[in-house]
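> Here it is: the structure, laid out below.
Laboratory data are not the source of any read-out in this text; all were calculated from the coordinates shown. From a predicted model like this one, the values you see are computed outputs, not experimental measurements. Glycine also receives a Cβ, built like all others from the backbone with ideal geometry; neighbour counts cover every protein chain displayed.
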Amino acid sequence: MKTESGALHRLSAPERKDYMKNAAVHSNSQRLTERRAGLLVPLFSLPGAWGIGSAGRPAIRFLENLHLAGFTLWQILPLGPVGFGNSPYQPLSSFAGDEIYIDIDDLTERGLLPAVAAPDLNAARVDYAAVRAAKLPWLRKAFAAFEPDENYKTFCSQAFWLEDYVRYRVLKEKNGLRAWTDWPETDRNRRDIPAELEQKAAFHRFLQYMFYTQWQRVHDCARELGIDIIGDLPIYVGHDSADVKSMPGAFQLEPDGSLAAKAGCPPDCFTEDGQLWGNPLYDWEHAYDFWKQRLSWNARLYDVVRIDHFLGFDRYWSIPPADSTARNGHWEEGPKEILFDRLIQDLPDLRVIPEDLGDKRSSVQTLMNRYGMPNMKIAQHSLGPAEERQEFRVPQNAVICTGVHDNEPVMMWHKNQNRVERQRLNRIFRRLGLAGSTPAEKLCRYCLESEAAWAILPLQDLWSLDESARINSPGTCGDPNWQWRMTDFALLEAMLPRLRHLLKVTGRIPYQPQRLYQ
C-alpha cells in the first residue's frame with residue numbers, strides 16, 4: 001500500500017482503516033497538562049521609539065513584565081517579511097524575518113552605528129512605510145561597517161533557506177517588485193545570483209543575520225524567565241513568495257508558475273459567495289519536505305507553533321483559478337495522519353497548537369486526538385445555547401482566549417450585540433459569578449477560571465479597549481489593520497501586582513524555582 005508523501009487522501013476507506021490500525025499512534029504527545037496563562041501581543045504592537053516594536057529592548061522589557069505578573073506564555077503573530085497590505089499572514093517567506101523588526105539601538109551597541117536619535121513617528125499606530133524609510137538608511141550604514149565572523153558564517157550555513165530567499169528578494173527588486181511570475185524568463189529560471197547583484201544579496205544576508213541573532217537573544221531571555229513564545233504559522237503561503245518560487249513542486253501550479261487552483265472557504269450562512277483567499281494549494285504528494293523544513297525552522301524561533309486553519313489538513317476547498325469568488329469550489333481530502341505521523345516522527349520535539357476553529361468534521365477531532373493536540377476555544381463563541389447545556393465547561397486539554405487577532409475586541413463585540421443578547425450575556429456573567437467592571441474583564445475572568453490548561457488574553461481585552469484597538473478586520477486590506485500599538489509600558493506595569501494576584505487565585509502560576517521571581 002503506497003502511503004508516502006502525504007497520499008493518505010487517495011486511499012479508499014478500507015485502506016485508510018487498515019493504515020490507521022497498523023500505523024504508530026502518537027497519543028498524548030502534544031497534550032497540555034499544566035495550568036498557565038499568557039498574553040497575545042504582536043511584536044509590532046510593543047512600544048518603541050522607532051514607530052514599531054522591535055526584537056530588542058521593547059521585547060525584553062515586555063518579557064520582564066510578563067514574568068513579574070506570572071504569565072508564562074507570549075503569543076505573537078508571524079514575523080515574516082510582509083508584502084501587500086502589511087499582513088503578517090501573506091509574508092514573502094515562511095523562514096525569513098522582516099527587517100522592520102531589527103532594533104537600531106542594538107546595532108549601536110554592537111559598534112556598527114553611532115548613537116542614533118529616534119525619528120518622530122506615530123506612537124499609537126504603525127506606519128509601515130515611514131518606519132521602513134526611517135530604518136533603511138541606518139541598516140545600510142550598519143551593513144557597511146559589518147565584518148562577517150564565524151557566527152555569521154555558521155548562521156549562513158545553517159539557514160538552509162537563506163540563498164533561495166536572498167535570490168528571490170534581489171531579483172524581485174531588480175524587476176520593480178513585481179511578482180515572480182511576471183519576471184522575464186531568464187530571471188524566473190535563475191538558480192544563481194547575478195554578480196552585479198551580489199552586494200545587494202550580501203545586504204539581505206546581513207539583515208537576516210541581524211534579525212535572527214536579535215530574536216534569539218529575546219528568545220533566550222524568555223527561556224531564562226520561564227516563558228514560552230507561541231509563534232503563528234499560516235497554513236497557506238503567498239503565491240508571490242520565496243517559498244513557492246523555490247519549491248514549486250510542493251504546490252498546485254501550472255508549468256508557467258500560475259495557479260492551478262486557489263484556496264478559500266465555501267459559501268455558508270455568513271458569506272453567500274464564500275471566501276476567496278487566492279493562495280496556492282499544496283500538492284500533498286510532494287509537499288512533505290516543505291512542511292518539515294518550515295516547521296523545523298519555526299521550532300528554532302518559537303517554543304510552540306500555532307498552525308492557522310488546521311482544518312485544511314483534513315479537507316480543503318479548491319477553487320478554479322479563473323474564478324473571482326469561492327462559489328464554484330469543491331472539497332478535496334487533505335493529508336491527515338500521513339503528514340503528521342511523519343512530522344512527529346521526524347520532529348519529536350515539535351509542539352503544536354492547532355487552530356481548529358470553524359465548522360469541522362469529526363475526522364478533525366480524530367486527527368487531533370491521535371496526537372493529544374489541544375483544542376482552541378474562543379470565549380466570545382463559547383457562550384451559546386449548546387455550551388450552556390454543557391454548563392459552559394471547557395476541556396482541560398484546550399487553549400482558551402477571549403478572541404484572536406481577527407476577532408472584535410470584547411468591548412466592541414459586546415456593544416454590537418442586540419439588546420436581548422446583551423441581557424442574556426449579562427445573565428450568564430452573573431450566573432458564573434464572574435468578577436469585573438466591564439464585559440471584557442468578565443470574559444478574561446471566564447478564561448482564567450476555566451478548566452482549560454492554557455488561557456491567553458489579547459492585551460486589548462485585558463485593558464477593556466474598544467474597536468479603536470482592533471488588530472484586523474477579516475475581508476479588508478490595509479489601514480487600519482496590523483497597526484495598533486501600546487504607546488508605552490506604564491499601564492501594564494501599573495497592573496502587575498493585580499495581575500499576579502489574579503493569576504495566583506485562578507491557579508495559573510506554575511511552580512518555578514524561586515530565583516526566577518527575584
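> How far is it, in nm, from the label point at S473 to the one at D289 when both lie 7 Å from their Cα along the line to the Cβ?
Rounded to a tenth, the inter-label distance reads 4.4 nm.
> In addition: Using a/c under 1.5 as the rounded threshold, could you call the range 386-435 rounded, prolate or oblate? The axes a ≥ b ≥ c are square roots of the C-alpha gyration tensor eigenvalues, and prolate needs a/b larger than b/c, oblate otherwise. Can you show the working numbers first?
Numbers: a/c = 2.00, a/b = 1.13, b/c = 1.78.
Because a/c hits 1.5 or more and a/b fails to exceed b/c, the range 386-435 counts as oblate.
> Starting from the 7 Å offset along Cα-to-Cβ, what nm value, one decimal, do you get for the label separation of D192 and W297?
My value for the distance between the label points is 2.3 nm.
> Let me ask something additional. Note down the relative contact order for the chain as a percent, whole number, built from C-alpha pairs under 8 angstrom at least six residues apart. Present the calculation step by step, with values, prior to reporting the outcome.
Working: 892 pairs, mean separation 117.4, N = 518.
With pairs under 8 Å counted, the relative contact order is 23 percent.
> Quote the relative contact order of the range 400-518 in percent (integer), defining contacts as alpha-carbon pairs under 8 Å separated by 6+ residues. The partial results should precede the final answer.
Numbers: 110 pairs, mean separation 36.2, N = 119.
Relative contact order of the range 400-518: 30 percent.
> What is the sum of charges around P88, taking Lys and Arg as +1, Asp and Glu as -1, for the other residues whose C-beta is under 10 Å from the C-beta of P88? Could the numbers behind the result be given before it?
On the way: positive: none; negative: D98, D232.
My count for the surroundings of P88 gives -2.
> By the gyration tensor of its Cα atoms, with a ≥ b ≥ c the square roots of the eigenvalues, what is the shape of the range 64-156: rounded for a/c under 1.5, prolate for a/b over b/c, or oblate?
Details: a/c = 1.29, a/b = 1.23, b/c = 1.05.
Verdict is rounded for the range 64-156.
> Using each residue's phi in the range 94-100, evaluate 6.51 cos²θ - 1.76 cosθ + 1.60 at θ = phi - 60° and report the 3J(HN,Hα) Karplus result to the nearest Hz, with x for Gly and Pro.
Karplus-based 3J(HN,Hα) across the range 94-100 equals 7, 10, 6, x, 6, 5, 5 Hz.
> Projected onto the charge dipole of the chain (+1 at Lys/Arg Cβ, -1 at Asp/Glu Cβ, origin at the Cα centre), which of P374, W331, Y209 gives the Cα projection farthest towards the positive end?
About the Cα centre, the residue reaching furthest to the positive side is P374.
> With the contact rule set at Cα under 8 Å and sequence spacing of 6 or more, what percent relative contact order holds for the range 399-454? Don't skip to the end; give the middle numbers.
Numbers: 33 pairs, mean separation 26.1, N = 56.
Averaging sequence separation for qualifying contacts and normalising by length gives 47 percent for the range 399-454.
> Cα to Cα, under 12 Å, and not fewer than 8 places away if on the same chain: which aspartates and glutamates meet these conditions relative to K377?
Candidates past the 8-residue exclusion: E355, D356, E387, E451.
> Sticking with this one: What's the center-to-center distance, using Cα atoms, between the range 217-236 and the range 43-76 in Å?
Each part reduced to its Cα centre gives a spacing of 11 Å.
> Going Cα to Cα from K442, which aspartates and glutamates come in below 14 Å? Please leave out same-chain ones fewer than 8 positions away.
Straight-line reach from K442, under 14 Å: D461.
> Helix-only mean residue ellipticity at 222 nm, the chain, DSSP H runs n ≥ 4 weighted -39,500 (n - 2.57), per residue, nearest 500. What is it? Don't skip to the answer; put the middle values down first.
On the way: 18 runs with 196 residues, N = 518.
Calculated mean residue ellipticity at 222 nm is -11500 deg cm²/dmol.
> Moving on. Taking a ≥ b ≥ c as the square roots of the eigenvalues of the Cα gyration tensor of the range 189-291, is the shape rounded (a/c under 1.5), prolate (a/b larger than b/c) or oblate?
Oblate, since a/c reaches 1.5 and b/c is not below a/b.
> Also, I was wondering about something else. Which whole-angstrom value gives the distance between the alpha carbon centres of the range 353-393 and the range 311-346?
Using only Cα atoms, the two centres lie 20 Å from each other.
> What stretch of the chain, leaving out the sites themselves, is the longest with no GluC sites (Glu not before Pro) in a DSSP loop having at most 16 other Cβ atoms within 10 Å? Each step should come with its number before you reach the end.
Working: sites that count: E34, E272, E285, E391, E451.
Result for the longest clean stretch: 35-271.
> Measure off 7 Å from each Cα along the Cα-to-Cβ vector at E493 and T325, then give the distance between these two points in nanometres to one decimal.
Spacing of the two 7 Å Cα→Cβ label points: 5.4 nm.
> Okay, next question. If you take every DSSP beta bridge fully contained in the chain, what fraction is antiparallel? Give it as a percent rounded to 5. All intermediate terms of the calculation are to be shown ahead of the outcome.
Values: 14 of 39 bridges.
The antiparallel fraction comes to roughly 35 percent.
> Past 19 Å, Cα to Cα, is the threshold; run K336/K360; K172/K245; K172/K262 against it and keep the listed order. Can you show the working numbers first?
On the way: K336/K360 13 Å; K172/K245 11 Å; K172/K262 23 Å.
Violating the 19 Å Cα-Cα cut-off are K172/K262.
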